[in-house]
Number of protein chains: 2
Amino acid sequence: MTIALTMGDPSGIGPEITVAAWQALRGSGPAFVVLADPSLVGAYAPMHIVAGADLGRFAETIPVLPIPLAAAAVPGAPDAANAPAIIASIEQAVRLALSGAATAIVTNPISKAVLKSAGFPHPGHTEFLAALTGTTGHEAMMLVAPELRVVPVTIHVSLRQALDMLTTERIIEAARTAQAALRRDFAIEQPRLAIAGLNPHAGELGHMGDEEQRIIAPAIAALRAEGIDATGPWPPDTMFTAGARGKYDVAICHYHDQALIPLKTLDMWNGVNVTLGLPIVRTSPDHGTAFDIAGTGRAHPASLIAALRLAAEIARNRNR
Amino acid sequence: MTIALTMGDPSGIGPEITVAAWQALRGSGPAFVVLADPSLVGAYAPMHIVAGADLGRFAETIPVLPIPLAAAAVPGAPDAANAPAIIASIEQAVRLALSGAATAIVTNPISKAVLKSAGFPHPGHTEFLAALTGTTGHEAMMLVAPELRVVPVTIHVSLRQALDMLTTERIIEAARTAQAALRRDFAIEQPRLAIAGLNPHAGELGHMGDEEQRIIAPAIAALRAEGIDATGPWPPDTMFTAGARGKYDVAICHYHDQALIPLKTLDMWNGVNVTLGLPIVRTSPDHGTAFDIAGTGRAHPASLIAALRLAAEIARNRNR
């Protein structure tokens, strides 16, 4: 079992959390190979160069598959000249996973602004990975924290656009993808899906919005007709309390912050992003490049460590 | 110091949490008089009849100012015939507070559906209290939990309507009301206001919605020009984490669930609703009538107890 860990933006916190994750996991695993410019890790820890998804002496030195940078990486000062290397690291990780040489990929944070300025056309990792694996349109994002799993039906769009995009079909698609992933990747045989309401108090029978009756309830009925244990629509403000969380395996949410506010409020540092609907296993830390603290030693590696552990767990579950 | 505690819906959990709150507070205070049909509390605890906001022997028996019910109260089975008594209890509490006989009012939960069927024209307590005190249009709701205070700019409307209603003026008005309340009622001399963004990541400079630039940032600039310590717009998903919460005294939120999801996720049972902008002090527990568990003994009195304590604290701060 080898995980391919991408470089991410070399001017963000990726290099330092990568080294910290290796220090935390070198004894216990899971083991990983870093696809990055050797200078990024070599300055902070012992490393050895590998040619593919080889681990070598993982417990003693960090395996690095070289992806050379065009410009020196300055912490906190991203450089669009390095966009091709950032992208190449992701492409190479996907190749290793598709070929079976790597059992999973974990991605360090990238900056959409940096990649966009270099002509990168994708909104983010998730869509790029879907394109690389030929599964565009079926990808979904699950956020996993120790106490909560959430899948947002709409993601990186304005709140108004999220309302316009919400359809019965989109909810059904996200719920089916979540159901399949919970069975295959999380080894939950009968997953329980809690479908959120959209409006305050889930609309109170149409008094405050009718999306619950018009869009969400039909999706729940269709899912139940397929044998999926979907319930709701639940009042959004009470479905994430400690008592409520124990009653479901995933919350299907309608917009970014309905999913992300409870998850990050509960646990800022241990959240993991899992991409569902891909042929490969992919997780990532649930935070950005954090250019503002890059190089200061203040970055927390907890989310990356959790992402590496979860990637290994999913790969094991898929190979049962 | 006497608090007037209203009856709420007599078929909900109001009577049982009232008795439980008296048991918790009879020794330490704050003391309160219950404005209700004597049968509601007399069945569970010793009580004595009073004619106004008299406390009598609060440590030994519950003071009850009688408001007779038209029909016997059956737990879990609300009866519109009791709507006049429910309303009279609120009106009487307001009279006691306006006259100075009571230092604050605390309201037990009501059912909007029950009151509506009896012709009650107000969306809820808050608007009714504003009408009774001649302050309609200036009322605002603050939710207070041990770790977080929030003020939603829009409240009981659909999410789509909340987007349509959001204006620079409404944000400014809510923030001014919150600022004044934090100084007068919470004794915070220089309140720090965190103004939420609306869209994912606060819009990422207009890439996902422009309300931050068009509506929210101008409100923050206007507030700062008035000398109010307002900051933002903050990304909604990271502003409620433990680290972020310590940096402000109140979060100004744009829609019901942006405020209520983090508050209830953090603390389901100790939240208190405080009405701002009224000439009287009013708090209430942050939950509904809970008809489904009324009479079963499963209701938690914690939120009502917290509401009584906070009402007393606010009254003390106002009288400094």
Could you give the dipole magnitude of chain A about its Cα centre, charging the beta-carbon of Lys and Arg +1 and that of Asp and Glu -1, in debye to the nearest 20? 640 debye
Leaving out same-chain residues fewer than 8 places away, which aspartates and glutamates sit with a Cα under 17 Å from that of A:Lys116? A:Asp9, A:Asp79, A:Glu91, A:Glu127, B:Glu204
Over segment B:212-284, with neighbouring protein chains present, the accessible area per residue in Å² at probe 1.4 Å is 30 Å²
Pull up all non-local amide H partners of B:Arg149: gap of 5 or more, or a different chain, and H-to-H distance under 5 Å with H placed in the peptide plane. B:Ala251
In segment B:229-309, what trypsin sites (Lys or Arg not before Pro) fall in a loop by DSSP, with at most 14 other Cβ atoms inside 10 Å? B:Lys247, B:Arg298
Over all residues in A:252-265, what is the mean tally of Cβ atoms on other chains that come within 10 Å of each residue's Cβ? 6
For A:Met165, label point 7 Å along C-beta direction: distances to other copies, nm: 2.6
Among B:Ala174, B:Ile188, B:Ile215, which residue has its Cα furthest toward the positive end of the charge dipole of segment B:115-226, with +1 on Lys/Arg Cβ and -1 on Asp/Glu Cβ? B:Ile188
Carbon + sulfur, % of accessible area of segment A:152-223 - ligands and nucleic acids excluded, 1.4 Å: 52 percent
Based on the Cβ-Cβ distance of B:Gln23 and B:Asp164, what FRET efficiency does E = 1/(1 + (r/R0)^6) give at R0 = 51 Å, to the nearest 0.05? 0.65
Please list the non-local residues whose amide H lies under 5 Å from the amide H of A:Ile62, H modeled 1.01 Å from N, same-chain partners needing a gap of 5 or more. A:Met47, A:His48
Hey, got the dipole for segment A:140-268? About the Cα centre, +1 on K and R Cβ, -1 on D and E Cβ, debye to the nearest 20? 220 debye
Given only helices, namely DSSP H runs of n ≥ 4 each adding -39500 (n - 2.57), what is the per-residue ellipticity at 222 nm of chain B, to the nearest 500 deg cm²/dmol? -10500 deg cm²/dmol
Comparing the chain by itself with all protein chains present, which residues of segment A:190-221 are at least 50 Å² less accessible (probe 1.4 Å)? A:Pro200, A:Met208
Of B:Ala20, B:Leu198, B:Thr61, whose Cα points farthest to the positive end of the dipole of chain B (charges on the beta-carbon: +1 Lys, Arg; -1 Asp, Glu; origin at the Cα centre)? B:Thr61
How large is ³J(HN,Hα), in whole Hz, for each residue of segment B:51-56 in order, when computed from phi with the Karplus curve 6.51 cos²θ - 1.76 cosθ + 1.60 and θ = phi - 60°, using x for Gly and Pro? 9, x, 8, 8, 9, x
Tell me, what are the semi-axes, in whole angstrom and largest first, of the equivalent ellipsoid of segment B:232-320 as set by the roots of 5 times the Cα gyration tensor eigenvalues? 25, 20, 12
7 Å along Cα→Cβ, label-point gaps from A:Ala118 to other copies, nm, shortest first: 6.8
With the 8 Å Cα cutoff and a minimum separation of six or more residues, chain A has a relative contact order in percent of 24 percent
Given the protein assembly as shown, what whole percent of its Cα pairs are spread farther than 47 Å? 24 percent
Which semi-axes, in whole Å and largest first, does the equivalent ellipsoid of segment B:1-87 have when worked out from the alpha carbon gyration tensor as the square roots of 5 times its eigenvalues? 22, 13, 10
With springs only between Cα atoms under 10 Å apart, run a GNM on chain B and tell me which of B:Ala251, B:Ala299, B:Ala102 wobbles the most. B:Ala299
Per residue, the convex hull volume that the Cα atoms of segment B:140-268 enclose (Å³): 97 Å³
Using a cut-off of 20 Å between alpha-carbon atoms, which lysines can reach A:Lys264, once sequence neighbours fewer than 8 places away in the same chain are excluded? A:Lys247, B:Lys247, B:Lys264
Between B:Ala45 and A:Asp229, what FRET efficiency comes out of the Förster formula 1/(1 + (r/R0)^6) with R0 = 35 Å and r the beta carbon distance, rounded to 0.05? 0.20
Volume per residue that the Cα convex hull of chain B spans, once the total is divided by residue count, Å³: 127 Å³
Just how far, in whole angstrom, is segment B:195-220 from segment B:57-121 if you go by their alpha carbon centroids? 42 Å
Could you work out how far apart the two model spin labels at B:Arg214 and A:Ala131 are, taking each label as a point 7 Å from the Cα in the direction of the beta carbon, and quote it in nm? 2.8 nm
Every other copy gets compared here: list the nm distances from the A:Arg95 label point (7 Å along Cα to Cβ) to its counterparts, shortest first, one decimal. 8.4
Rounded to whole Hz, the Karplus (6.51, -1.76, 1.60) HN-Hα couplings of segment A:77-83, x for glycine and proline: 10, x, 10, 4, 4, 8, 4
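The values are calculated or read from the model by the stated rules, or taken from the named source; none is laboratory data. Quantities reported herein were computed from a predicted structural model and do not represent experimental measurements. So basically every Cβ, Gly included, is an ideal-geometry build from the backbone, and we count neighbours across all protein chains shown. Surface accessibility is based on the protein's heavy atoms, side chains included, excluding ligands, DNA and RNA. Shrake-Rupley method; radii C 1.70, N 1.55, O 1.52, S 1.80 Å.
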